[in-house]
Amino acid sequence: MRTLTAGFVTALEERKVANCVRVRLKDPANTIYAFTDHIVPLTVDGLTYTPVPGLQKINMLLTSDQEISDQQFAGAWLTSVIEEEDIGTGRFDDADIQVSWVPFNDVAQGGFVMFSGRVGMISYTEDGFAVEVQDDLRVLSSSSTVAYTQYCRHVLGDSLCTINTTLNRKDGVVDLVLTDRLKFKVTIDDNPADGNSTDGRITFTTGLNNGIEADVKIHEVNGDPLIGTSVEMWLPTPYPISAGDTFRIKQGCDKTSDTCKNKFSNFVNFGGFPFIQPDGITR
């Protein structure tokens, strides 16, 4: 049950209530953006909401039962937060969004949460971007299945795999860009073996791509002798890579039983079924 104080009811009746939107990313820093449609900043429960132009709410539908509801937010305020590259890198994927009403003449009363959910699809509009927000019941409504394949279904380093990936990561630096935003010559600490980080993950720690993670397609040490050690990714980075950019790279896993056993000595936690026939026929 939702209960409003007498002062909050008075603010509603006098139309002295501002909309406040908080966006919390799922990045390691738990980055928070806070905006309001009021003309001056509002500090509520220790968080300051910044006034932005064009803050709009579209299709604000709330239900009193357990029916799933979706909202949509649009406006120029999103353009000040989201860049085109953010969509491709997934920076705002599954971010938490909370919408509150706040009496701007008495912020000490705190905010009354009208809706909370997660970022769904982001699309372009005439105002910049539109964000579809799904409530938390949407997660419960999704179905999931377990795949039975020859390959491991775990993610390297997760709770089912149990490998401590922090022990297997190395720092490196870009020496020369070979293919723009895709392949580059590198120097990596401790000179890991050829293919050690193939199918692994790379995180840029400086440069235009600072903080961005990517999947490694090929980590090659014994390739072209004129190149030396190189790293190639499956997809181009959002921003250009430059010589001198630093990164952190992790070991890779091709999810086969041989790799699990010989490279990681972790066959006891292998999440695949290596004796399943490739064509699905049991013999």
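Once both labels are positioned 7 Å from their Cα atoms along Cα-to-Cβ, the gap between N222 and A108 label points is 7.4 nm.
Accessible-area rank, largest first, for M233, M114, M121: M121, M114, M233, with all protein chains present and a 1.4 angstrom probe.
The listed residues S265, S242, S197, once ranked by accessible area (1.4 Å probe) with the largest placed first, stand as S265, S242, S197.
With a cut-off of 15 Å between beta carbons, the residues surrounding L176 carry a summed charge of -3, where Lys and Arg count +1 and Asp and Glu -1. Based on Cα contacts under 8 Å between residues 6+ apart, the stretch 192-234 shows a relative contact order of 35 percent.
Backbone N atoms of the stretch 165-185 closer than 12 Å to the 7 Å Cα→Cβ label point of T205 belong to residues 169-174. When nucleic acids and ligands are ignored and a 1.4 Å probe is applied, R181 ends up with an accessible area of around 80 Å². Evaluate the Debye formula for the stretch 140-192 with equal point scatterers sitting on the alpha carbons, no solvent, and hand back log10 of I(q)/I(0) at q = 0.16, 0.21 Å⁻¹, in q order, two decimals. One equal scatterer on each Cα of the stretch 140-192 leads to -0.79, -0.89. A dipole drawn for the stretch 150-254 from +1 and -1 charges on Cβ atoms has a positive end, and of Y239, F184, G223 the residue lying farthest that way is Y239. Legend: calculated FRET efficiency, D27 to I122, from the Cβ-Cβ distance at R0 = 22 Å, rounded to 0.05, equals 0.85.
Across the stretch 188-283, the volume of the C-alpha convex hull divided among the residues equals 151 Å³ per residue.
Using a 1.4 Å probe and ignoring any ligands, DNA or RNA, find the accessible area of K185 and quote it in Å² to the nearest 10. Looks like 60 Å² after rounding.
Legend: residues W234, W101, sorted from most to least accessible area (1.4 Å probe; ligands, DNA and RNA excluded), read W234, W101.
Quantify how much of the Cα-Cα distance distribution of the stretch 162-221 extends past 17 Å, in percent. When every Cα pair of the stretch 162-221 is considered, 37 percent fall beyond 17 Å. Dipole check for the stretch 187-283: with +1 at the C-beta of Lys and Arg, -1 at the C-beta of Asp and Glu, and the Cα centre as origin, the magnitude is about 380 Debye.
Under a straight-distance cross-link criterion of Cα-Cα below 29 Å, which lysines are reachable from K263, leaving out those fewer than 8 residues away in the same chain? Reachable lysines: K170, K183, K185, K217, K250, K255.
The values are calculated or read from the model by the stated rules, or taken from the named source; none is laboratory data. What you are looking at is a predicted structure, and each value in this text was computed from that prediction instead of being measured. For neighbour counting, all protein chains shown are included, and Cβ atoms are generated from backbone atoms with ideal geometry for every residue, glycine included. These accessible areas exclude ligands, DNA and RNA; they are computed on the full protein's heavy atoms, side chains included. Shrake-Rupley method; radii C 1.70, N 1.55, O 1.52, S 1.80 Å.
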